[in-house]
Amino acid sequence: MDTHINQSLFDLVNQPLPIGDKVITKRLVLAPMTILGNIAFRELLSHYGGYGLLFSEMCSAKQLPNENPIHSGYFRWREEEREHLIFQIFGSNPSEMANAAKRLESEGFFGVDINFGCSVASICQKKCGAALLKTPELAVKIVKAVRKSVAIPVFVKFRTGWKDDPNIPVDLAKRFEDAGADALTFHPRVSPDRRTRRPRWEYIAMVKNAVNIPVFGNGNVFDASGCLKMINDTGCDGIAVGRMAIAQPWCFAQWSQGFQPDIKTFQEAAILLSRLMEKHYSASMGLRRYKKFAAYFSSNFQFGHTLFNRINKTDSMKEIRKIVNNFFRLPPRLFLCPNLNFLI
Ligand SMILES: Cc1cc2nc3c(=O)[nH]c(=O)nc-3n(C[C@H](O)[C@H](O)[C@H](O)COP(=O)(O)O)c2cc1C
């Protein structure tokens, strides 16, 4: 990595950032991702470090108050991560969202994140996630209700909306701030565009300029120079990294502390995650999650589809470790940047 980029980026991302009445010491955070941001994967990330916060998979606000971490697939955590973990909730009923937030506060997490960004049909049909951007009054009511119910930091994650007009997210950002949000994560894409078109980073700058609370920019940050560019171009206070963190779980350590991966790092991470899946999940739950990870991880390599196809056909972690070790016997060629855009 260019040493100039290196130093400028370290200086920016290692500055403390106040959020509500708490402070984070690093400004790169893991974006919330269903299935992918599970407890085992988060333990893998903690092996490398370099992040300020970890966002969980989204959780249904309706179910959360009764969710049992012993049985739940998504509502699980390690004691060590509690203080920098944020659970994300989705729902459309303000009092259900408030109750879910109370449960999260009682468990001692850093904060709660409200999902107004998910544009998956099954979530939007229930009028949750990004669907709420069509009814800003209800979205604001939800933020107010959550704010009133807890003292921990309240985050809102949202996207451009349903029309490609920057005035919409700018207006929403101000309303979320007025409703009591402590920080925003903004993904500048319209719904229902998943990730095919480029996110419009210029909208992040507009949102940042419109509010006085921290704004995390999000979308298509794949390397250190992209990271630096997003901060410099938009003035955002931090960056939420999604897919790249799955493909290269050391990216936070690399971009904030100068960690230097080599090909062994890739092999070791894939093996370690298989062990962590066994530690935290039953065989079927672990395999499902590992296979989702494998799609992103495989995109690092020329002929990575072979690796993915083999893993995907397997039904044992032991077999997966054999496949991974075989793949690395002759060192595979790494792509300069994995093509993550078409992965869902
Ligand atoms: C498989 C997958 C699952 C996701 N799940 C969620 C989610 O549960 N909640 C959410 O707010 N965003 C979710 N997202 C969106 C990401 O948080 C992020 O906004 C998006 O991937 C763009 O960031 P990136 O370019 O750094 O990946 C998901 C993205 C992916 C790829």
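Things worth noting here:
- Within the range 97-130, the set of residues being among the polar types (S, T, N, Q) and at pLDDT 95 or above comprises ASN99, SER106, ASN115.
- Residue in the range 148-166 that is free of Cβ contacts under 8 Å to residues at least 40 places away in the same chain and surrounded by 24 or more Cβ atoms within 10 Å (Cβ to Cβ) present: no
- Tally, over the range 248-294, of residues that are of a type in the set (D, E, K, R) and outside any helix (DSSP H, G or I): 1
- Of all residues in the range 299-311, those satisfying the criterion of being out of contact with any Ser or Thr (no Cβ under 8 Å at 6 or more places or on another chain) and either buried (at least 17 other Cβ atoms within 10 Å of the Cβ) or under 14 Å from ILE246 (Cα atoms) (or both) are SER299, ASN300, PHE301, ARG310.
- Of the criteria (1) at pLDDT below 95; (2) assigned to a loop (DSSP other than H, G, I, E, B), which one ARG329 fails: (1)
- Only one of VAL241, VAL211 that is within 15 Å of the ligand (Cβ to nearest atom) and more than 21 Å from PHE327 (Cα to Cα): VAL241
- Scan of the range 1-42 for residues that are charged (D, E, K, R), outside any loop (DSSP other than H, G, I, E, B) and under 14 Å from the mean Cα position of the chain (by Cα), ordered by number: ARG42
- When every residue of the range 323-339 is checked against the conditions, none turns out to be of a type outside the set (Ser, Thr, Tyr), outside the structural domain of ARG198 (by TED's automatic domain parsing), touching a Pro at 6+ places or on another chain (Cβ under 9 Å) and under 21 Å from PRO261 (Cβ atoms).
- The range 1-22 - residue that is out of contact with any Lys or Arg (no Cβ under 6 Å at 6 or more places or on another chain) and under 20 Å from VAL112 (Cα atoms) and, of those, surrounded by the most Cβ atoms within 10 Å (Cβ to Cβ): ILE19
- Candidates are the residues of the range 1-57 that are in contact with a Pro (Cβ under 9 Å, 6 or more places away or on another chain), of a type in the set (Ser, Thr, Tyr) and under 27 Å from ALA283 (Cβ atoms); the one that is nearest to the ligand (Cβ to nearest atom) is SER56.
- Entirely in the range 108-219, the helices (runs of 4 or more DSSP H) that have 2 or more residues that are in the same structural domain as VAL29 (by TED's automatic domain parsing) and over 20 Å from ALA240 (Cβ atoms): 121-124, 136-149, 167-178
- Of residues in the range 176-200 being surrounded by fewer than 19 Cβ atoms within 10 Å (Cβ to Cβ) and at pLDDT 95 or above, the one farthest from the ligand (Cβ to nearest atom): ASP178
- Criterion (within 14 Å of the ligand (Cβ to nearest atom), under 18 Å from SER56 (Cβ atoms) and touching a residue at least 40 places away in the same chain (Cβ under 8 Å)) met by exactly one of CYS118, CYS128: CYS118
- Positions within the range 169-193 being in contact with a Ser or Thr (Cβ under 7 Å, 6 or more places away or on another chain) and over 18 Å from CYS236 (Cα atoms), in sequence order: VAL190, SER191, PRO192
- ALA40 meets all of the listed conditions (1) within 15 Å of TRP250 (Cβ to Cβ); (2) out of contact with any strand residue (DSSP E or B) (no Cβ under 7 Å at 6 or more places or on another chain); (3) buried (at least 18 other Cβ atoms within 10 Å of the Cβ) but one, namely (1).
- Unique match (being touching a helix residue (DSSP H, G or I) at 6+ places or on another chain (Cβ under 6 Å), hydrophobic (A, V, I, L, M, F, W, C) and over 20 Å from PHE55 (Cα atoms)) among VAL112, VAL150, VAL156, VAL140: VAL140
- Counted residues, the range 43-75 - those being among the aromatic types (Phe, Trp, Tyr) and assigned to a helix (DSSP H, G or I): 1
- Qualifying residue in the range 76-98 (condition: crowded, with 22+ Cβ neighbours inside 10 Å, in a loop (DSSP other than H, G, I, E, B) and within 20 Å of the chain's Cα centre (by Cα)): yes
- Any chance ASN232 is assigned by TED's automatic domain parsing to the domain that holds VAL13, polar (S, T, N, Q), more than 16 Å from the ligand (Cβ to nearest atom) and modelled with pLDDT of 95 or more: yes
The values are calculated or read from the model by the stated rules, or taken from the named source; none is laboratory data. None of the values given here were measured: they were computed from a predicted structure. No Cβ is skipped: glycine too gets one built from the backbone with ideal geometry, and neighbour counts run over all protein chains shown.
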